[in-house]
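Asks: This is the structure I have questions about; it appears just below.
We did not get these values from a lab; they are worked out from the coordinates using the rules stated. All values derive from a computational prediction rather than experimental measurement. Don't worry about glycine lacking a Cβ; one is built from the backbone with ideal geometry, like all the others, and counts go over all protein chains shown.
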């Protein structure tokens, strides 16, 4: 039996870059939860208004969801579709990018398919029982539809039994009488939709009027018979003129008891403004404009990542401590690699990491697991600016465990000079000088003093550097390593040490302390020392 980290029985992260409805049942992240609440509130408001009366074209709502690729827009839409809320919504999700060409018939069929079979099965049953009720009240057309006649009365067969046979497909409905019954009781669009539902068939769509009429009929019967509000989710809508004309017509149609949710990216949204200002104006007037700004923030990504494991964790093995440790690793990963800083990418890397941890027999997603995962899925990915070619596992470990960086860098610089002394490149002074963190003589006999000034308080750094410079008379050359930007001085060499240099120094220091430095690394160490002007 395959074992997964944190005692999980299966990999909690989806493997597909495009989420499925099953994947979307889990929704993490504050911004996504807020967006979900806004959508549900919109639907709830509409539901309350139409739940006890007939719906009108005033009972239509428009929602736009706009954010970058990979931010979880589709996941949010599918999550809404999976909700079993008290207001009872029937949702059709359609990815417009999969429809080509975008004909009226193609779009309509995609919307019908987007609902799934459940709503139409439920509608079919309700409609057939409605016909039965009318037949029981003496409606001759309804009786003909279910095929109830003189012979049935003689046999003692009830209208309910005849209807049950049709509901459970034991007997066919009489199509010719159904058409007459529907045309007598309903409009042409409603008749077509009801016929298609009852007979489980589909009539062609030839124009926008038919498309709007049939969608309106579906919304009407869903509201009247099932007490449901319809949610049309149209994802990946683009700025193609044909698409925009369809979107405009759908908004103008004001389909009763329905919500139209449009999903796109900021770039497309701006294109819409340029290509079709009329559509853009309608989008700007949406009842709810949901911008998932912050959806790709590191905090949001961490919340989403942790929610997947919490949902799959049946034994509560994934405790607060392990959540915090995983969060710290994800934070370092996203800080260093912007390519991981979206929902899709971080979920993908974690899906692979869980599988790698399983193969390695690791009980958690460790630094080593992340390192191996990136080697496999992102070969060639390196820490930017790293001279020592720090492995990602070591980078994460250093970033997570580094405490007072100034003291650690001081120790690293001291050991860097120790290493150069051992290699015979410099001569380290045995007499400590309180003004400097290290003093050594170069091969030409020049006395070099090195001081690290990297306090988080930059004002304090200015004062410290000023005092150190006063001691420059004690050495032939003074090198000051700092994280504070100050102008160069004629009395000292000021070196600004960025985070990649800090990581290189700490990585070197760890390997030096543990006596794990190898011969090929000598040149890298020399280059590191040269870039910070220490040797």
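Asks: Under the definition of Cα pairs under 8 Å and six or more residues apart, what whole-number percent is the relative contact order of the chain?
Replies: Here the relative contact order equals 18 percent.
Asks: Compute the distribution of all C-alpha to C-alpha distances in the range 405-531, in bins of 5 Å from 0, and list the percent of pairs in each, rounded to whole numbers.
Replies: Result returned by the calculation: 2, 10, 21, 24, 21, 14, 6, 2, 0.
Asks: Going by C-beta contacts inside 10 Å, put 400, 274 in order with the fewest on the left.
Replies: With the sparsest Cβ surroundings first, the list reads 274, 400.
Asks: How do 373-381, 121-129 rank on mean C-beta neighbours within 10 Å, highest first?
Replies: Going by the mean number of other Cβ atoms within 10 Å, highest first, we get 121-129, 373-381.
Asks: Related question: So what is the relative contact order for the range 424-513, in percent, with contacts set as C-alpha pairs under 8 Å and at least six apart?
Replies: 20
Asks: If you don't mind, there's one more thing I want to ask. Assuming R0 = 60 Å, what is the FRET efficiency of residue 58 and residue 317, from their Cβ-Cβ distance, to the nearest 0.05?
Replies: My answer for the efficiency is 0.70.
Asks: When 37, 476 are ordered from fewest to most other Cβ atoms inside 10 Å of their Cβ, what list results?
Replies: By the 10 Å Cβ count, ascending, the order reads 37, 476.
Asks: To the nearest 10 degrees, how steeply does helix 522-531 sit against the main Cα axis of the chain, on a 0 to 90 scale?
Replies: 90
Asks: Gap in Å between the Cα centre of the range 378-403 and the Cα centre of the range 482-535?
Replies: 15
Asks: Give me the number: length gained by fully extending residue 270 to residue 199, i.e. 0.36 nm times residue separation minus the C-alpha to C-alpha distance, one decimal in nm.
Replies: Length gained, residue 270 through residue 199: 21.2 nm.
Asks: Calculate, axis by axis, the spread of Cα positions in the chain along the three principal axes, and write the results as whole Å, longest axis first.
Replies: So the three principal-axis extents are 121, 57, 38 Å.
Asks: Using alpha carbon centroids, what distance separates the range 119-166 and the range 451-478, in Å?
Replies: Using only Cα atoms to place each centre, the spacing works out to 95 Å.
Asks: Determine the gain in length on full extension of the stretch residue 154-residue 382; use 0.36 nm per residue of separation and subtract their C-alpha separation, reporting nm with one decimal.
Replies: Contour length minus Cα-Cα distance gives 73.5 nm.
Asks: Would you give the gap between the C-alpha center of the range 48-100 and the C-alpha center of the range 220-252, rounded to a whole Å?
Replies: 9
Asks: Shifting gears a bit: Run the numbers on the range 331-400 and let me know its relative contact order in percent, using alpha-carbon pairs under 8 Å that are six or more apart.
Replies: With pairs under 8 Å counted, the relative contact order is 28 percent.
Asks: Further question on the same structure: So how far apart, in nm, are the two label points at residue 514 and residue 477 if each is 7 Å from Cα heading toward Cβ?
Replies: Simple spin-label model gives 3.3 nm for this pair.
Asks: For residue 240 and residue 136, calculate 0.36 nm times their separation in residues minus their Cα-Cα distance, and state this gained length in nm to one decimal.
Replies: Full extension of this stretch gives 32.2 nm more.
Asks: Here is a follow-up. For helix 118-136, report the angle its Cα long axis makes with the longest principal axis of the Cα atoms of the chain; keep it between 0 and 90° and round to the nearest 10°.
Replies: It is inclined by approximately 20 degrees.
Asks: Given points 7 Å out from each Cα along the Cα-Cβ axis, report the residue 248 to residue 209 separation in nanometres with one decimal.
Replies: Placing both labels 7 Å along Cα→Cβ, they lie 1.9 nm apart.
Asks: Sticking with the crude label model, points 7 Å out along Cα→Cβ, report the distance from residue 88 to residue 68 in nm, one decimal please.
Replies: If labels sit at residue 88 and residue 68, their model points lie 4.2 nm apart.
Asks: Just to confirm the number: angle between the C-alpha axis of helix 208-226 and the first principal axis of the chain, 0 to 90 degrees, nearest 10?
Replies: For 208-226 against the chain, the angle is about 80 degrees.
Asks: Going by how many other Cβ atoms sit within 10 Å of their own, how do 478, 208 line up, fewest first?
Replies: With the sparsest Cβ surroundings first, the list reads 208, 478.
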